[in-house]
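**Q** Have a look at the structure that comes next, please.
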């Protein structure tokens, strides 16, 4: 974090954030009083952590009382998820960035107070320019280096984009804090001009100007810029009442049984907007972008790659800028993904008896993922949508296949519901990836659902996708068929599928998803 102090000085010195119109050493001030030219003004703003339901992203469901939100309730973040290690603030007025700074922080009542130290001359210029006009203050918590340098390079906040290098990216872990952002609008009143006399009371960190005074004392409530995936083993059933065979499932009435032994995320977006972007589709008129708007039944989250998801789903295989460098679903069995299967074996995610009536607790947090949305229902294709691949080890077969199964060397052809699937046991070379020699493995895909319309025959906008500040809770309840081959051109919700999803949404937000394969 040594670079932060250097960036504070660098950002403060960038001419792009000064307002033209003053020259020389004199500062025009209506009241005629003087303060030292090198005086610094201390300005505070309060931010709250993301646990206020009214300020988070909303998603839809079929609720008749609240049709614009599909919420299963809220879930508070962990201490690590709520931690703010650093913060960047940007002041913007009259369509231009005016000041940007990595700020000091102090904990306050479940949130933080951020303190910017602004040269007096710049504060006076800003006050004179923005008197009686609205201006915006933007906050980015736990910004990466590239985000901090955006204002230095002259980028407007609407265009701040973060790049995810891989699943171990700092943006997708809590080591340096999860990225969070939001904004608030302020207006100076006529009877309180920002003059030298006014600023004379705010020249130290113990006597700071609190911007909340201009906004009914409302804090800026942050929202996380990434999503979280949780997992829990299936609930106990009559076949396994004591949980002696965790993660094991029958494949319908086929006579085959499998054990889920690994999980791997695929089609994870390489980029995300620092601040949310909402695409508004009015009943009449032209759709438009509503920067920092709200998601409703007709307004959708727009990610950085919307224009790249207009093809047949297979086109992203040749577009290295879309997904993180480990690849996409088409190479889910490559070395990069195999290492993830090995790391994310399901022994880490045992079944835990829920303690609440809805069974919505006791999931184990699994991974944080970047935003990947598809507003157009016709483009919700498997080549574009973030998915979880479950690795299933074949643990039991019908008597007719038992001899081959125990041989551990010959290919085995599984037959069920008119379909055939031939699987080959792993070799020594394969076994380096977390598999075992002589074992047979199947791979099931689950494409993450955001807004479930509860109609398997019809897809709607934003039904599938990963949206910031959401928790998606996954639990496989049953497996009813053999896995189908991956085809990027297939719709996320085909007419017949091994995966049937019931999605519930909470704000962190969280979605509870029971999966029948």
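The values are calculated or read from the model by the stated rules, or taken from the named source; none is laboratory data. Source: prediction; values computed, not measured. For neighbour counting, all protein chains shown are included, and Cβ atoms are generated from backbone atoms with ideal geometry for every residue, glycine included.
**Q** Inspect all residues belonging to the stretch 28-39 and state whether any of them is farther than 20 Å from residue 199 by Cβ, modelled with pLDDT of 50 or more and surrounded by 15 or more Cβ atoms within 10 Å (Cβ to Cβ). Explain how you work it out, then say what you get.
**A** Quick first cut of the stretch 28-39, residues farther than 20 Å from residue 199 by Cβ only: none.
Checked the stretch 28-39: no residue is farther than 20 Å from residue 199 by Cβ, modelled with pLDDT of 50 or more and surrounded by 15 or more Cβ atoms within 10 Å (Cβ to Cβ).
**Q** Please give the strands (runs of 3 or more DSSP E) falling wholly within the stretch 128-230 in which 1 or more residues are modelled with pLDDT of 90 or more and within 20 Å of residue 79 (Cα to Cα). First the steps, then the outcome.
**A** Details: elements: 134-141, 161-163, 180-187.
Fully inside the stretch 128-230 and qualifying: 134-141, 180-187.
**Q** Please enumerate the residues belonging to the stretch 74-90 that are modelled with pLDDT of 90 or more and in contact with a helix residue (DSSP H, G or I) (Cβ under 7 Å, 6 or more places away or on another chain).
**A** Those that are modelled with pLDDT of 90 or more and in contact with a helix residue (DSSP H, G or I) (Cβ under 7 Å, 6 or more places away or on another chain): 86, 88, 90.
**Q** Inspect all residues belonging to the stretch 425-439 and state whether any of them is without any contact (Cβ under 8 Å) to a residue 40 or more places away in the chain and over 30 Å from residue 408 (Cβ atoms).
**A** Among the residues of the stretch 425-439, not one is without any contact (Cβ under 8 Å) to a residue 40 or more places away in the chain and over 30 Å from residue 408 (Cβ atoms), which makes the answer no.
**Q** Out of 195, 274, I need the residue that is assigned by the TED database to the domain that holds residue 385 and surrounded by 15 or more Cβ atoms within 10 Å (Cβ to Cβ). Which one? Outline the logic, then answer.
**A** Working: 195 fails: assigned by the TED database to the domain that holds residue 385.
Answer to the selection: 274.
**Q** Is it true that some residue in the stretch 412-426 is farther than 25 Å from residue 493 by Cα and modelled with pLDDT under 90?
**A** yes
**Q** May I pose another question? For the stretch 157-166, does any single residue satisfy the condition of being over 30 Å from residue 264 (Cβ atoms), in contact with a helix residue (DSSP H, G or I) (Cβ under 6 Å, 6 or more places away or on another chain), touching a residue at least 24 places away in the same chain (Cβ under 8 Å) and crowded, with 18+ Cβ neighbours inside 10 Å?
**A** Of all residues in the stretch 157-166, those over 30 Å from residue 264 (Cβ atoms) come to 157-159.
Add one more test, that the residue is in contact with a helix residue (DSSP H, G or I) (Cβ under 6 Å, 6 or more places away or on another chain), and what stays is none.
Within the stretch 157-166, none of the residues are over 30 Å from residue 264 (Cβ atoms), in contact with a helix residue (DSSP H, G or I) (Cβ under 6 Å, 6 or more places away or on another chain), touching a residue at least 24 places away in the same chain (Cβ under 8 Å) and crowded, with 18+ Cβ neighbours inside 10 Å.
**Q** What's the total number of residues in the stretch 282-301 that are in contact (Cβ under 8 Å) with a residue 40 or more places away in the chain and either surrounded by 23 or more Cβ atoms within 10 Å (Cβ to Cβ) or over 21 Å from the mean Cα position of the chain (by Cα) (or both)? Give the steps one after another, and end with the answer.
**A** Within the stretch 282-301, the subset in contact (Cβ under 8 Å) with a residue 40 or more places away in the chain is 291-292, 294-297, 300-301.
Next, from what is left, pick out any that are either surrounded by 23 or more Cβ atoms within 10 Å (Cβ to Cβ) or over 21 Å from the mean Cα position of the chain (by Cα) (or both): 295, 300-301.
Result for the stretch 282-301: 3.
**Q** I'd like to verify a number: residues in the stretch 392-451 that are more than 30 Å from residue 374 (Cβ to Cβ), under 35 Å from the mean Cα position of the chain (by Cα) and surrounded by 15 or more Cβ atoms within 10 Å (Cβ to Cβ), how many?
**A** Qualifying residue count, the stretch 392-451: 7.
**Q** I would also like to ask the following. Every residue in the stretch 470-485 that is within 20 Å of the chain's Cα centre (by Cα) and either assigned to a strand (DSSP E or B) or at pLDDT below 90 (or both), please.
**A** Restricting attention to the stretch 470-485, the residues satisfying the condition of being within 20 Å of the chain's Cα centre (by Cα) are 470-475.
Passing the criteria: 471, 472, 473, 474, 475.
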